[in-house]
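Asker: Pasting a structure here, questions to come.
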Amino acid sequence: MSFNPLTERGIPIERQFRSWSELASQPYDTRDVHPYTRCRVIVMNGIEVEAIINSHNAARRIADTGVKQMLALVRKAEQQQQKAVNWLIPGHESTIANTIGYEQVAVDLTGWLARHEPDPYLKQVYEFGILEDYDHLYRYANLMDLMGERRKAEEITGDLTEILPGRPTIFHHRHPHDELRRPMTVEASDFQSILNAITIVSAEQQTMNYYMNVGNRPENPMARSLYLEIAMVEEQHVSHYESILDPTTPELLNLALHEYNECWLYWSCMVTETDPRIKQIWETHLAMELEHLRLACEMMKEVDGIDPAAVFPKNGVSKPMTFEPNKDYLRDVLARTLDNTASDSQFVPVDQLAADHRFFDYQATVNAGGVPSEMVIQRHREEFGEEYRFATDGAHPIPSLKESGTAEGTDYFRTIERHMENA
Ligand SMILES: [Fe+2]
Ligand SMILES: [Fe+2]
Ligand SMILES: [Fe+2]
Ligand SMILES: [Fe+2]
């Protein structure tokens, strides 16, 4: 299978605008939507939000009226696409159920990207992030029961994604300087690495924005504080992933890369979608993106003199990004890298940090006086007699997390405690 968005014909931009009634399409039914259809809706909303924000940022830095007009025109179409996609989420789906969907996206999207990432350093970047979102899924799944939601988390995720402790969230809190990775360069990178990076930054940014806005909506104090804590980790995730992007990319090349990425992802959604009605939306949006890409390439050539043929792969792309289970892969990443933390742009086992590393100070500051991601598990045990998990492939691969997902008892915790005592 291959797809070359530069040789396909799209819908002329002036014909892309839809009426209010066309945009407000019928939402999916939260009880029978395929979990990966929900995931595609969540991720494509994040992709459109990034398209819009990136275009606004470009508009603020570009003086050329012609370019500004093109940006405004295409951006309005992106905004309509965002509405058509995000309004597929029904009002009867609760925020916590939707949140479970967001973290399932983070797990199975990152899993696909990591498995298809040709650069070994970037693969480490994805493997580092995935264990954290994996743990968020588990903490929120426990919260969901405490909030009195009638459904269990596995009714949202299906049996496609296991819900187990990852690297416990309490350990995610690092000094901000340790969130910055080594950037790639557009010239030297495999093209797949560029697509992967734009995709993950968009998805994590949307998760960050989402928690920033919905985290204060619950009345339940446990819910408010868990959203607050995890929202701060999503800030880290955006810093972590955006720092792999090439910071020297010219504005219009950056725009063209974004449009190319949208083409790749709508094509991916179209060829993997199981719901025929929603497949139609992906197909229409793909036809729109082909035109966005054509316009961006035209401007890039005219204004910056960059030839699209020098940037994009001659034969297009061959692999659709696919939502599919990553269960074995995750168990393997857990076994290999659970005890890692970050120091500058490197990933290292936490027990190899110097005694005076800023990680320990930062941990002591934010974790003083109780940690919501730990409390949510304890609270679940008190109310239900056990914590919530969903395993399809046997017990947890890490002995210290087999019985309990709280931090106490893990090697990670002992390392931090040792440093606190010596401090
Ligand atoms: Fe778009
Ligand atoms: Fe997360
Ligand atoms: Fe994340
Ligand atoms: Fe676009």
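The numbers here are math on the coordinates, done by the rules we state, and not lab data. Computed from a predicted structure; not experimentally measured. Please note: Cβ atoms are built from the backbone with ideal geometry, for glycine as well, and neighbour counts cover all protein chains shown.
Asker: Step through the residues of the range 79-93 one at a time and calculate ³J(HN,Hα) from phi using the Karplus curve (6.51 cos²θ - 1.76 cosθ + 1.60, θ = phi - 60°), rounding each to whole Hz and writing x for Gly and Pro.
Answerer: For the range 79-93, the Karplus-derived couplings read 4, 5, 4, 4, 5, 4, 7, 5, 7, 6, 7, x, x, 7, 8 Hz, x marking Gly and Pro.
Asker: Using Cβ counts within 10 Å as a stand-in for footprinting exposure, how do Arg336, Arg150 rank, fewest first?
Answerer: Neighbour counts put them in this order, fewest first: Arg150, Arg336.
Asker: Using the Cα centre of the chain as origin and beta-carbon charges of +1 (Lys, Arg) and -1 (Asp, Glu), tell me which of Val107, Asn326, Asn261 is placed farthest towards the positive end of the dipole.
Answerer: Asn261
Asker: While we're here: Put +1 on the Cβ of every Lys and Arg and -1 on every Asp and Glu Cβ in the chain; which of Asn57, Thr157, Gln280 then has its Cα farthest towards the positive end of the dipole?
Answerer: Most positive-ward Cα: Gln280.
Asker: Continuing with this model, one more query. Could you check the spin-label model distance between His34 and Ala391? Points 7 Å from the Cα along Cα→Cβ, value in nm.
Answerer: It is 2.9 nm.
Asker: Now for a different question. Against the longest alpha carbon principal axis of the chain, how many degrees, from 0 to 90 and to the nearest 10, is the axis of helix 221-242 turned?
Answerer: Between helix and principal axis, roughly 50 degrees.
Asker: Turning to a different aspect of this structure: What ranking, highest mean first, results for peptides 292-298, 182-188 when packing means the other Cβ atoms within 10 Å averaged over each residue? Intermediate results must be reported in sequence, preceding the final value.
Answerer: Numbers: 292-298: 22.3, 182-188: 13.9.
Highest to lowest by the protection proxy: 292-298, 182-188.
Asker: Taking 7 Å along the Cα-to-C-beta vector as the label spot, tell me the Thr185-Ser318 distance in nanometres, rounded to one decimal.
Answerer: 2.7 nm
Asker: Another one. Report Rg(Cα)/(2.2 N^0.38 Å) for the chain, keeping two decimals.
Answerer: Rounded to two decimals, the normalised Rg is 0.99.
Asker: Which order results if Ile281, Ile156 are arranged by neighbouring Cβ count within 10 Å, fewest first? Present the calculation step by step, with values, prior to reporting the outcome.
Answerer: Numbers: Ile281 22, Ile156 27.
Listing Ile281, Ile156 from fewest to most nearby Cβ atoms yields Ile281, Ile156.
Asker: How much length is gained if the chain between His92 and Val271 is pulled fully straight, taking 0.36 nm per residue apart and subtracting their Cα-Cα distance, in nm to one decimal?
Answerer: 61.6 nm
Asker: Hey, got the dipole for the chain? About the Cα centre, +1 on K and R Cβ, -1 on D and E Cβ, debye to the nearest 20?
Answerer: 820 debye
Asker: For the pair Gln352/His116, report the inter-label distance in nm, with labels modelled 7 Å from Cα in the Cβ direction.
Answerer: 3.1 nm
Asker: Okay, moving on. Find how much the distance from Arg150 to Ala310 grows on full extension, using 0.36 nm per residue of separation minus their present alpha carbon separation; answer in nm with one decimal. Present the calculation step by step, with values, prior to reporting the outcome.
Answerer: Values: separation 160, 0.36 × 160 = 57.60 nm, distance 5.41 nm.
Roughly 52.2 nm would be gained on extension.
Asker: Please list the non-local residues whose amide H lies under 5 Å from the amide H of Thr341, H modeled 1.01 Å from N, same-chain partners needing a gap of 5 or more.
Answerer: Long-range HN contacts for Thr341: Val348, Val350.
Asker: Moving on. Give me the extension gain from Arg336 to Asn422: residue separation times 0.36 nm, minus the current Cα-Cα distance, reported in nm with one decimal.
Answerer: 28.2 nm
Asker: Among Gly305, Val125, Pro218, which residue has its Cα furthest toward the positive end of the charge dipole of the chain, with +1 on Lys/Arg Cβ and -1 on Asp/Glu Cβ?
Answerer: Working it through, the farthest residue towards the positive pole turns out to be Gly305.
Asker: If you don't mind, another one. Ordered by packing density, taken as the mean number of other Cβ atoms within 10 Å over each peptide's residues, highest first, how do 13-20, 249-256 rank?
Answerer: 249-256, 13-20
Asker: Moving to a separate point now. Tell me, what is the FRET efficiency for Ala72 and Tyr362 to the nearest 0.05, using R0 = 30 angstrom and their Cβ-Cβ distance as r?
Answerer: 0.10
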